[in-house]
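These notes are about the structure you will find just below.
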Amino acid sequence: MNITIIGTGFVGVVSAAVYASHGHTVTGLDIDSSKIAQLNQGKVPFYEPGLSELINQHLAKNLNFTTEYAEAIPSNELIIIAVGTPSASDGTADLTYVKAAAKSLAPHLAENSIVAIKSTVPPGTLDHLQPIIAKHTSARFTLASLPEFLREGKAVNDSLEPDRVVIGANNQETIDRLTKLHQPFNAPIIVVSPDSAQMGKYTANAYLATRITFINQIADLCDKNGADIDQVIQVISPDHRIGPHYWYPGFGYGGSCFPKDVKELAAYAKQTGLDHNLLVELNRLNEERIPKLLRRFSEQIDGWDDKQVAVLGLAFKPHTNDMREAPSIKTIEYLLNEGAIVTGYDPEALKTAQTALPSHDKLTFSKSINEAVTQADVVLALIEWPQIVEFDFTQTKLNKPQWFIDARNQFNASELREAGYEYLGIGK
Ligand code: UGA
């Protein structure tokens with residue numbers, strides 16, 4: 001199939017590479033010419049394991065990138081919109097970029113093409129897009145929803161071997177063509193209405209965010225008694241209705257999806273009259289989590305003022321350099337406000353950190369864990385990067401008593417205590 005993907009952000013670039021790897025001819029389109037120039041040289045503008053290898057395997061063969069709609073659309077049967085949907089000021093999804101893409105692609109559409117939306121959008125969006133496209137073309141086209149479920153840091157694998165492919169469409173011919181396209185993905189293909197596909201995408205993210213918030217609250221309860229959250233998770237996981245995944249407590253969920261999608265679904269629920277919805281509360285609990293934890297740790301370490309703190313892990317999670325809604329941002333801002341002296345370490349996100357974090361005379365960065373921790377009063381292991389989890393902190397020469405805050409419960413508390421650290425975990 002000849003496919004165009006509009007938007008070369010994270011989802012767009014990964015999808016382009018993955019459809020190309022299945023033998024389709026793919027054109028990635030973006031209005032940002034510098035991004036397109038980079039991609040045409042095989043350079044991916046963000047860090048994602050395995051992605052640049054995949055792009056380079058197909059570039060100039062069955063994958064190319066352009067800024068021109070006139071070049072990207074006319075001979076293609078499937079046009080996928082994968083542009084950003086930032087939150088508007090009332091929390092709802094801002095569809096400006098999706099609508100602009102629909103308007104721009106319309107005059108170039110070939111007869112009988114499919115326009116599919118991969119961007120996360122609320123139910124009802126296709127009804128808004130239909131007249132926008134129809135106004136600017138005489139070609140016959142159908143609309144569909146193709147929501148995406150890949151995770152950053154694992155995107156290539158998630159897309160090559162997805163848990164499921166969701167096709168939201170009402171037209172049988174469109175369903176048949178999209179089903180045929182996705183059959184080689186070797187995953188269950190779920191065909192539903194466009195509205196159900198879009199609700200399904202929000203529901204998956206909101207449920208996972210709920211699960212994280214729930215286990216964080218249980219961890220807070222464990223802190224009040226003798227229970228250990230890791231042992232509690234061992235107790236609940238074998239139950240098939242509950243399962244072992246996505247139960248890791250920490251500093252709350254971050255990234256470009258969960259915080260935004262929970263807020264959007266909460267705002268959408270409010271719009272429909274559901275004022276008192278769980279999602280509003282979920283968002284509030286996640287937002288207050290970091291200051292609440294840091295206040296609690298402050299009591300345990302006798303205040304943050306003048307403490308040297310090594311913050312290990314600046315990206316929002318391992319295997320990415322993305323710092324959107326990263327716990328490190330709120331954490332470091334809080335610590336600096338409280339008078340701490342902070343050194344940040346991350347294996348991939350140090351460059352992103354220069355712009356994502358405020359410039360401050362008490363904030364420096366280090367390329368080495370060892371260097372970041374030797375002078376610290378407090379080691380704050382924020383993100384479970386393998387480089388951090390596998391680092392042997394028991395071999396670090398302690399110049400003074402140090403606290404070790406294990407924000408993702410990844411370390412052996414007794415080993416660290418034996419090595420001289422004052423260990424503080426979450427829910428332990
Ligand atoms: C998430 C979803 O997992 C994907 O399925 C979805 O496609 C994507 O959003 C999206 O909508 O585009 P992602 O944001 O890349 O993917 O990251 P996750 O691995 O889901 O982690 C999100 C946040 O939850 C991170 O801050 C992570 O540290 C936190 N988390 C995750 C926990 O605190 N505990 C856990 O057990 C798991």
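The values are calculated or read from the model by the stated rules, or taken from the named source; none is laboratory data. Not measured: the values here are computed from a predicted model. Here the Cβ positions follow ideal geometry from the backbone for every residue, glycine too, while neighbour counts run over all protein chains shown.
Which of the residues spanning segment 309-339 are buried (at least 24 other Cβ atoms within 10 Å of the Cβ), small (Gly, Ala, Ser) and out of contact with any Leu (no Cβ under 9 Å at 6 or more places or on another chain)?
ALA315
If you go through segment 149-186, how many residues are touching a residue at least 12 places away in the same chain (Cβ under 8 Å), within 12 Å of the ligand (Cβ to nearest atom) and surrounded by 17 or more Cβ atoms within 10 Å (Cβ to Cβ)?
Summing the residues that are touching a residue at least 12 places away in the same chain (Cβ under 8 Å), within 12 Å of the ligand (Cβ to nearest atom) and surrounded by 17 or more Cβ atoms within 10 Å (Cβ to Cβ) in segment 149-186 gives 7.
Being within 22 Å of the chain's Cα centre (by Cα) and surrounded by 14 or more Cβ atoms within 10 Å (Cβ to Cβ) is the filter here, so list the residues in segment 46-76 that pass it.
At the first step, the residues of segment 46-76 found to be within 22 Å of the chain's Cα centre (by Cα) are 46-55.
Within segment 46-76, PHE46, TYR47, GLU48, PRO49, GLY50, LEU51, SER52, LEU54, ILE55 meet the criteria.
If you check ALA267 against the conditions, is it of a type outside the set (Phe, Trp, Tyr) and within 16 Å of the ligand (Cβ to nearest atom)? Walk me through how you get there before you give the answer.
On the way: of a type outside the set (Phe, Trp, Tyr): yes; within 16 Å of the ligand (Cβ to nearest atom): no.
So ALA267 does not fit the description; no.
If I filter segment 383-428 down to residues being among the small types (Gly, Ala, Ser) and not in a loop (DSSP other than H, G, I, E, B), which single residue comes out as nearest to the ligand (Cβ to nearest atom)?
ALA413
Restricting attention to helices (runs of 4 or more DSSP H) lying wholly within segment 316-382, give those where 2 or more residues are touching a residue at least 40 places away in the same chain (Cβ under 8 Å). Walk me through it before giving the result.
Working: elements: 327-337, 350-356, 369-374.
Ranges flagged: 327-337, 369-374.
Among the residues in segment 275-297, are any under 22 Å from ASN370 (Cα atoms), surrounded by 14 or more Cβ atoms within 10 Å (Cβ to Cβ) and out of contact with any helix residue (DSSP H, G or I) (no Cβ under 6 Å at 6 or more places or on another chain)? Spell out the reasoning first.
Of all residues in segment 275-297, those under 22 Å from ASN370 (Cα atoms) come to none.
No, segment 275-297 has no match at all.
Yes or no, residue by residue, for (1) modelled with pLDDT of 95 or more; (2) in contact with a strand residue (DSSP E or B) (Cβ under 9 Å, 6 or more places away or on another chain):
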position: PRO244; (1), (2): no, no
position: GLY250; (1), (2): yes, no
position: TYR268; (1), (2): no, yes
position: ASN277; (1), (2): no, no
position: TRP304; (1), (2): yes, yes
position: LYS307; (1), (2): yes, yes
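Which condition does TRP247 not pass, out of (1) in contact (Cβ under 8 Å) with a residue 12 or more places away in the chain; (2) in a helix (DSSP H, G or I); (3) within 11 Å of the ligand (Cβ to nearest atom); (4) farther than 25 Å from THR85 by Cα, if it passes all the others?
(2)
Please indicate, with yes or no, whether at least one residue in segment 408-424 is closer than 11 Å to VAL311 by Cα, of a type outside the set (Val, Ile, Thr) and touching a helix residue (DSSP H, G or I) at 6+ places or on another chain (Cβ under 6 Å).
no
Kindly indicate whether any position in segment 306-324 is under 17 Å from the mean Cα position of the chain (by Cα), of a type in the set (Lys, Arg) and closer than 17 Å to ALA381 by Cβ.
Yes, the conditions are met somewhere in segment 306-324.
Cβ-Cβ under 8 Å, sequence separation 6+ or interchain: first residue in segment 199-224 and acidic (Asp, Glu), partner assigned to a helix (DSSP H, G or I). Which pairs?
Pairs found: ASP223/ARG296.
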